[in-house]
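**Student:** Quick one: this structure, given as structure tokens, is what I'll be asking you about.
The values are calculated or read from the model by the stated rules, or taken from the named source; none is laboratory data. Note that this is a predicted model, so its numbers are computed, not measured. All Cβ positions, even for glycine, are placed from backbone atoms using ideal geometry, and neighbour counts span all protein chains on display. For the accessible areas, the whole protein counts, side chains as well, though only heavy atoms, and no ligand, DNA or RNA atoms are used. Shrake-Rupley method; radii C 1.70, N 1.55, O 1.52, S 1.80 Å.
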Amino acid sequence: DARVTQTPRDKVTEMGQEVTMRCQPILGHNTVFWYRQTMMQGLELLAYFRNRAPLDDSGMPKDRFSAEMPDATLATLKIQPSEPRDSAVYFCASARHPPGELFFGEGSRLTVL
Amino acid sequence: DQQVKQNSPSLSVQEGRISILNCDYTNSMFDYFLWYKKYPAEGPTFLISISSIKDKNEDGRFTVFLNKSAKHLSLHIVPSQPGDSAVYFCAAATFQGAQKLVFGQGTRLTINP
């Protein structure tokens, strides 16, 4: 049963702390996305990678957010320092390219106090 | 700048009746549209899509209609069932960047018995 795996599922932290979220894409998928869900904006695209190379990170606040793919089985999203406005659910999704359906993970709920 | 808008945050429909969810977009370059469904504590899952060369696509109880001149699409669910209660996200992309989906804010659909 292939699926996208995200950790942690829930994270509560204090303002100023570093937060790292991890994603294991589906084996064989070469495109990985990070989305953030907020009430006002819905699902916002933060960044995406193809074959581990970043293609677009224009949706990401560059001063505090960073996204990487150390290898084909791991994508990370880091926030340093975290702020209360970063509180949201962060989703990772993966897909094959050429174009194929996006498969989402269950999300990481982040609360920054 | 919200390129994809779902103006109804919530919708309540009686079981067995038709549910109609609406979505508007502003970017005329979009030519591929999708609907995703999301249950609590789960990631969004793909439901149905339509390309701009069509004005209707049907899959069982779900039909998506596209009105390119009005930049509007809608999802019809008939008959509605309690298991359809979820948040529905409209998404759009260009074929060139077919996997770079731009999502709306979502509409929470509740089906009442």
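**Student:** Name the residues in region B:6-36 that are of a type in the set (A, V, I, L, M, F, W, C) and either open to solvent by 50 Å² or more (accessible area, probe 1.4 Å) or closer than 17 Å to B:T63 by Cβ (or both), would you?
**Tutor:** At the first step, the residues of region B:6-36 found to be of a type in the set (A, V, I, L, M, F, W, C) are B:11, B:13, B:18, B:20-21, B:23, B:29-30, B:33-35.
Listed by number, the residues that qualify are B:L11, B:V13, B:I18, B:I20, B:L21, B:C23, B:M29, B:F33, B:L34, B:W35.
**Student:** Taking the stated definitions as given, is B:Q3 buried (at least 17 other Cβ atoms within 10 Å of the Cβ), touching a strand residue (DSSP E or B) at 6+ places or on another chain (Cβ under 7 Å), within 14 Å of another protein chain (Cβ to nearest Cβ) and among the polar types (S, T, N, Q)? Please lay out each step first, then the result.
**Tutor:** On the way: buried (at least 17 other Cβ atoms within 10 Å of the Cβ): no; touching a strand residue (DSSP E or B) at 6+ places or on another chain (Cβ under 7 Å): yes; within 14 Å of another protein chain (Cβ to nearest Cβ): yes; among the polar types (S, T, N, Q): yes.
Taking the combined requirement at face value, the residue does not satisfy it.
**Student:** Right, here's the next one. Go through (1) assigned to a strand (DSSP E or B); (2) exposed (fewer than 15 other Cβ atoms within 10 Å of the Cβ); (3) of a type outside the set (S, T, Y) and name the single condition B:A70 misses.
**Tutor:** Of everything listed in (1) assigned to a strand (DSSP E or B); (2) exposed (fewer than 15 other Cβ atoms within 10 Å of the Cβ); (3) of a type outside the set (S, T, Y), B:A70 misses just condition (1).
**Student:** Identify, from the list B:V102, B:V78, B:V13, the residue that is in contact with a helix residue (DSSP H, G or I) (Cβ under 9 Å, 6 or more places away or on another chain), in contact (Cβ under 8 Å) with a residue 60 or more places away in the chain and either closer than 29 Å to A:G59 by Cα or of a type in the set (V, I, T) (or both). I'd like the intermediate steps shown before the answer.
**Tutor:** Details: B:V102 fails: in contact with a helix residue (DSSP H, G or I) (Cβ under 9 Å, 6 or more places away or on another chain); B:V78 fails: in contact with a helix residue (DSSP H, G or I) (Cβ under 9 Å, 6 or more places away or on another chain).
Just a single option satisfies the conditions, and that option is B:V13.
**Student:** Of A:L74, A:L102, which residue is within 26 Å of B:I48 (Cβ to Cβ) and in contact (Cβ under 8 Å) with a residue 12 or more places away in the chain? Please lay out each step first, then the result.
**Tutor:** Numbers: A:L74 fails: within 26 Å of B:I48 (Cβ to Cβ).
Sole residue among the options that is within 26 Å of B:I48 (Cβ to Cβ) and in contact (Cβ under 8 Å) with a residue 12 or more places away in the chain: A:L102.
**Student:** Identify the single condition in (1) within 11 Å of chain B (Cβ to nearest Cβ); (2) open to solvent by 40 Å² or more (accessible area, probe 1.4 Å); (3) under 30 Å from B:F95 (Cβ atoms) that A:A72 does not satisfy, given that it satisfies every other one.
**Tutor:** (1)
**Student:** Hey, can you tell me all the residues within region A:31-45 that are open to solvent by less than 20 Å² (accessible area, probe 1.4 Å), facing chain B (nearest Cβ under 8 Å) and out of contact with any Phe, Trp or Tyr (no Cβ under 6 Å at 6 or more places or on another chain)? Walk me through it before giving the result.
**Tutor:** Looking only at region A:31-45, we keep the residues that are open to solvent by less than 20 Å² (accessible area, probe 1.4 Å), and these are A:31-35, A:42-43.
Subsequent filtering for residues that are facing chain B (nearest Cβ under 8 Å) retains A:31, A:33, A:35, A:42-43.
The one that is open to solvent by less than 20 Å² (accessible area, probe 1.4 Å), facing chain B (nearest Cβ under 8 Å) and out of contact with any Phe, Trp or Tyr (no Cβ under 6 Å at 6 or more places or on another chain): A:T31.
**Student:** Looking only at residues that are assigned to a loop (DSSP other than H, G, I, E, B) and within 14 Å of chain A (Cβ to nearest Cβ) in region B:31-59, which one is nearest to B:F89 (Cα to Cα)? Walk me through it before giving the result.
**Tutor:** Initially, region B:31-59 is screened for residues assigned to a loop (DSSP other than H, G, I, E, B), giving B:31, B:39-44, B:52-55.
Narrowing the set further to residues that are within 14 Å of chain A (Cβ to nearest Cβ) leaves B:31, B:39-44.
Values: B:D31: 17, B:Y39: 11, B:P40: 13, B:A41: 15, B:E42: 13, B:G43: 11, B:P44: 8 Å.
My answer is B:P44.
**Student:** Which members of region A:46-63 meet the condition of being open to solvent by 50 Å² or more (accessible area, probe 1.4 Å) and more than 14 Å from chain B (Cβ to nearest Cβ)?
**Tutor:** Those that are open to solvent by 50 Å² or more (accessible area, probe 1.4 Å) and more than 14 Å from chain B (Cβ to nearest Cβ): A:R52, A:K62, A:D63.
**Student:** So, one more: Of the residues that sit in region B:82-113 and are among the aliphatic types (A, V, I, L, M) and within 11 Å of chain A (Cβ to nearest Cβ), which one is most open to solvent (accessible area, probe 1.4 Å)?
**Tutor:** At the first step, the residues of region B:82-113 found to be among the aliphatic types (A, V, I, L, M) are B:86-87, B:91-93, B:98, B:101-102, B:109, B:111.
Those still in the list that are within 11 Å of chain A (Cβ to nearest Cβ) too: B:87, B:91, B:93, B:98, B:101-102.
Values: B:V87: 21, B:A91: 0, B:A93: 0, B:A98: 11, B:L101: 6, B:V102: 38 Å².
Within region B:82-113, the match that is most open to solvent (accessible area, probe 1.4 Å) is B:V102.
**Student:** Can you tell me which of A:S108, A:S66 is hydroxyl-bearing (S, T, Y) and open to solvent by less than 10 Å² (accessible area, probe 1.4 Å)? Show your work before the answer.
**Tutor:** On the way: A:S66 fails: open to solvent by less than 10 Å² (accessible area, probe 1.4 Å).
Result of the check over A:S108, A:S66: A:S108.
**Student:** Return the only residue of A:G16, A:G28 being open to solvent by less than 50 Å² (accessible area, probe 1.4 Å) and more than 14 Å from the chain's Cα centre (by Cα).
**Tutor:** Numbers: A:G28 fails: open to solvent by less than 50 Å² (accessible area, probe 1.4 Å).
Exactly one of A:G16, A:G28 is open to solvent by less than 50 Å² (accessible area, probe 1.4 Å) and more than 14 Å from the chain's Cα centre (by Cα), namely A:G16.
**Student:** Take region B:10-30 and flag every residue that is part of a loop (DSSP other than H, G, I, E, B), at pLDDT 95 or above and not polar (S, T, N, Q). Give the steps one after another, and end with the answer.
**Tutor:** Step one: filter region B:10-30 for residues part of a loop (DSSP other than H, G, I, E, B), giving B:15-18, B:26-30.
Restricting the remaining residues to those that are at pLDDT 95 or above gives B:15-18, B:26.
Passing the criteria: B:E15, B:G16, B:R17, B:I18.
**Student:** Only one of A:L110, A:L43, A:L77, A:L55 is touching a Lys or Arg at 6+ places or on another chain (Cβ under 7 Å), of a type in the set (A, V, I, L, M) and not in a loop (DSSP other than H, G, I, E, B); which? Spell out how you get there, then give the answer.
**Tutor:** Working: A:L43 fails: touching a Lys or Arg at 6+ places or on another chain (Cβ under 7 Å); A:L77 fails: touching a Lys or Arg at 6+ places or on another chain (Cβ under 7 Å); A:L55 fails: touching a Lys or Arg at 6+ places or on another chain (Cβ under 7 Å).
Unique residue meeting the criteria: A:L110.
**Student:** Would you confirm, using the coordinates I've provided, whether A:K78 is away from every other protein chain (no Cβ under 14 Å), at pLDDT 95 or above, in contact with a Phe, Trp or Tyr (Cβ under 8 Å, 6 or more places away or on another chain) and over 30 Å from B:N7 (Cβ atoms)?
**Tutor:** Details: away from every other protein chain (no Cβ under 14 Å): yes; at pLDDT 95 or above: yes; in contact with a Phe, Trp or Tyr (Cβ under 8 Å, 6 or more places away or on another chain): yes; over 30 Å from B:N7 (Cβ atoms): yes.
Yes, satisfied.
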